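Readers should treat all values here as calculations from the given coordinates under stated rules, not as data from a laboratory. Everything numeric here is computed off the predicted structure, so don't read it as measured data. Here the Cβ positions follow ideal geometry from the backbone for every residue, glycine too, while neighbour counts run over all protein chains shown.
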Amino acid sequence: MAVQDRDPDGGVHRRRRQVPHPADTGDLGSDLRSQLARLAEFLSDTDAGAVFRALAGQAQHDPELAQRLRAEHLGPQHDRGRTPLLRAVERGQLPPGTDLDGAVEQLVSPLYYRYW
């Protein structure tokens, strides 16, 4: 998600928050617990999470903002959510053909619902 900072001369610039890639411990359960804990911490305990929640609320009334939020945050977050599942398929921990998009939605939706 883009974050605005003030330059020393008073100008505003945008920087992209760097989100680490999901852990790869070799165990799907451990990887998911780590990833979901970081998402819950972001949503509940950080200033950026508070800003995200405010933007998400405003997006309910602003279609342009909703589109940007989906493109700039939710889309990339969804892609990161697929990473441990893809690794698990490659390791044989999940069967080929697993609905990864559906699994991501089932995993993260309760967190977004809780903190949104």
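Data overview
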| read-out | value |
| --- | --- |
| Gain on full stretching of the segment that runs from residue 86 to residue 106 - 0.36 nm per residue minus C-alpha separation | 5.6 nm |
| Computed E for residue 37/residue 62 - FRET, C-beta separation, R0 35 angstrom, nearest 0.05 | 0.70 |
| Vicinal HN-Hα couplings computed from phi for the stretch 51-60 (Karplus, 6.51 cos²θ - 1.76 cosθ + 1.60; Hz; Gly/Pro x) | 5, 4, 4, 5, 5, 4, x, 5, 5, 5 |
| Stretchable slack from residue 30 to residue 78, in nm (0.36 nm times residue separation minus alpha-carbon distance) | 15.4 nm |
| Around residue 87: net Lys/Arg minus Asp/Glu count, Cβ-Cβ under 9 Å | -2 |
| For peptides 50-56, 94-100, sequence by mean Cβ density within 10 Å, most packed first | 50-56, 94-100 |
| Karplus-derived HN-Hα couplings along the stretch 86-97 (A = 6.51, B = -1.76, C = 1.60, θ = phi - 60°), whole Hz, x at Gly and Pro | 4, 4, 5, 5, 4, 7, x, 7, 10, x, x, x |
